[in-house]
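Novice: Take this structure first; my questions come after.
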Amino acid sequence: MKITEVGAVMTTDVVTAAPGTALGDVIRALGEHRVGALPVTDEEDRVIGVISTSDLTRPRPVRRRARTAGDVMSAPAVVVKAGATVTEGSWLMTGHGVGRLPVVDDEGRLVGIVTRADLLQAVLRTDGAIERAVRRDVLGSALWLTPRALAVTVEDGVVTLTGRLERRSDVDVAVRAASRLGGVVAVVDQLSYGVDDTRPRPAAVEAEEPVAGT
């Protein structure tokens, strides 16, 4: 069984700012893309901060004149890893009082952004909608089977797959693809297979040469 991950519901097309981006450009980007905050990234796409509309309006000492995103961004940034569960993402948002989180890989590089609405959609997706998605995206797209080739049941977000597939590798594909769908809490694998194509084939045994004099 596999818990739904943030990476399955995040948006990968992310508008960012660099530390040296002028505040005027930041304001224009926020307005054009209708977002409330932008991740601030360095040259290697690592998230070093977040600049939001509240950062832009926060009072600052007269002696410090803000000119760039790096001057006003909130740092360090609150981020979530792509492999975190949607529940962990929700806890982070609630604990830090934010409505969106930059999503990073294991090296801290930006790979997407997730909003509270994204997480809620994953959690609140109906069982019927999940079943239809499994039949369409898993059986149809991933396995090239008919929608009724396997028995699919969904209860409280838990998907149970039952039936027989030709190869063991197809079972792995089915479970993996189903676990990545939005709203899926876990996948119960009750699948069988005809051929185990994941095991290495034994090397051919060479015939022994006859011993001289026999």
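No value in this document is a laboratory result; all are computed from the given coordinates. This one's a predicted model, so the numbers in the text were calculated from it and none came from an experiment. Here the Cβ positions follow ideal geometry from the backbone for every residue, glycine too, while neighbour counts run over all protein chains shown.
Novice: For the ranges 180-188, 192-200, what's the packing order if you count other beta-carbon atoms within 10 Å of each residue, average per peptide, and put the highest first?
Specialist: Values: 180-188: 19.9, 192-200: 10.8.
The packing order, highest mean first, is 180-188, 192-200.
Novice: For the chain, what does the helix formula give at 222 nm: sum of -39500 (n - 2.57) over DSSP H segments with n ≥ 4, over the residue count, nearest 500 deg cm²/dmol? Could you put the intermediate results ahead of the total?
Specialist: On the way: 7 runs with 59 residues, N = 214.
Rounded to the nearest 500, the figure is -7500 deg cm²/dmol.
Novice: A further question follows. Determine the sum of side-chain charges near S90: Lys and Arg each +1, Asp and Glu each -1, restricted to other residues whose C-beta is under 11 angstrom from that of S90. If you can, show how the numbers build up before the last one.
Specialist: On the way: positive: R116; negative: E88, D118.
With Lys, Arg at +1 and Asp, Glu at -1, the neighbours total -1.
Novice: Assigning unit charges at the beta carbon (Lys, Arg +1; Asp, Glu -1) and nothing else, what dipole magnitude in debye, to the nearest 20, does region 6-123 show about its Cα centre?
Specialist: Numbers: 13 positive and 14 negative charges, 153 e Å.
So the dipole magnitude of region 6-123 works out to roughly 740 debye.
Novice: Now, a different point. Within the P(r) computed for the chain, what percentage of the Cα pairs occupies the region above 29 Å? Intermediate results must be reported in sequence, preceding the final value.
Specialist: Working: 10449 of 22791 pairs.
Summing the P(r) of the chain above 29 Å gives 46 percent of all pairs.
Novice: Related question: Between R199 and E166, how high is the FRET efficiency from 1/(1 + (r/R0)^6) when r is the Cβ-Cβ distance and R₀ = 25 Å? Nearest 0.05.
Specialist: Details: r = 15 Å, r/R0 = 0.61.
After rounding, the FRET efficiency stands at 0.95.
Novice: Now for a separate question. How much length is gained on full extension from D105 to D42, taking 0.36 nm per residue of separation minus their Cα-Cα distance? All intermediate terms of the calculation are to be shown ahead of the outcome.
Specialist: On the way: separation 63, 0.36 × 63 = 22.68 nm, distance 1.47 nm.
Contour length minus the Cα-Cα distance gives 21.2 nm.
Novice: Also: Label region 6-123 by shape, choosing from rounded, prolate and oblate, from the square roots a ≥ b ≥ c of the eigenvalues of the Cα gyration tensor; if a/c is under 1.5 it is rounded, and otherwise prolate applies when a/b is larger than b/c, oblate when it is not.
Specialist: Prolate.
Novice: Right, here's the next one. What distance in nm separates the two pseudo spin-label positions at Q121 and R58, each 7 Å out from Cα along the beta-carbon direction?
Specialist: With each label point 7 Å from Cα toward Cβ, the separation is 3.0 nm.
Novice: What is the local net charge at G128, summed over the other residues whose Cβ is closer than 13 Å to its Cβ (Lys, Arg +1; Asp, Glu -1)?
Specialist: Numbers: positive: R125, R132, R135, R136; negative: D127, E131, E155, D156.
For residues surrounding G128, the net value is 0.
Novice: Now for a different question. Within region 133-171, report the trypsin sites (Lys or Arg not before Pro) that DSSP leaves as loop and that have at most 10 other Cβ atoms within 10 Å. Write down the numbers at each step before the final one.
Specialist: On the way: sites: R135, R136, R148, R164, R167, R168; in loops: R148.
Sites meeting the loop and neighbour criteria: R148.
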